[in-house]
Amino acid sequence: MTISEKVAYLKGLAEGLDLDTAKSKEAKLISVMIGILEEVGLSIEDLEENATALGEEIDAISDDLSDVEEVVFGEDDEDDLDEDFFAVECPSCGNDIDIDEDALAAGMVECPSCGEKFAIDLSDEEDGRCCGRGGQCCGKEAASEEGAKE
């Protein structure tokens, strides 16, 4: 039941009481209150209609903006966010940690779960070779690989 329907119900109840607004102050008060409730109900209905219309307009603008972004940027930028982060596994607790290029260049990472600091191993797990970033990125394992090859 909407507010306007509830107000109409109250108005019907008040009219069913046959209140004489000319003779009774209480009847006049009830009549004025019902009139105010009718106006408030209509205002609320107008606001709800306007909110619905605005929501539809916002959806249309959002769709248009998506089309413009597609033309300007080419493809969705949401997929590009993962390019700057790398997932590594903490050797202590086994949790996956996402690190950025700055942490990768530093060579040391602190696990947010267990607090353990560890060196990042960028060696290729399949063939055991270093990633080729100058030897420091693989830490001690890069040096031990070079020593084993000699």
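Nothing in this text is a laboratory measurement; each read-out follows from the coordinates by a stated rule. On a predicted model such as this, the values are computed, not experimentally measured, just so you know. All Cβ positions, glycine included, derive from the backbone under ideal geometry; neighbour counts span all protein chains shown.
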If amide H atoms are modeled at 1.01 Å from N in the peptide plane, then the residues at a separation of 5 or more from S92, or on another chain, having amide H under 5 Å from its own are none
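By the scheme Lys and Arg +1, Asp and Glu -1, what is the net charge of all other residues having a beta-carbon under 11 Å from that of T2?
That works out to -2.
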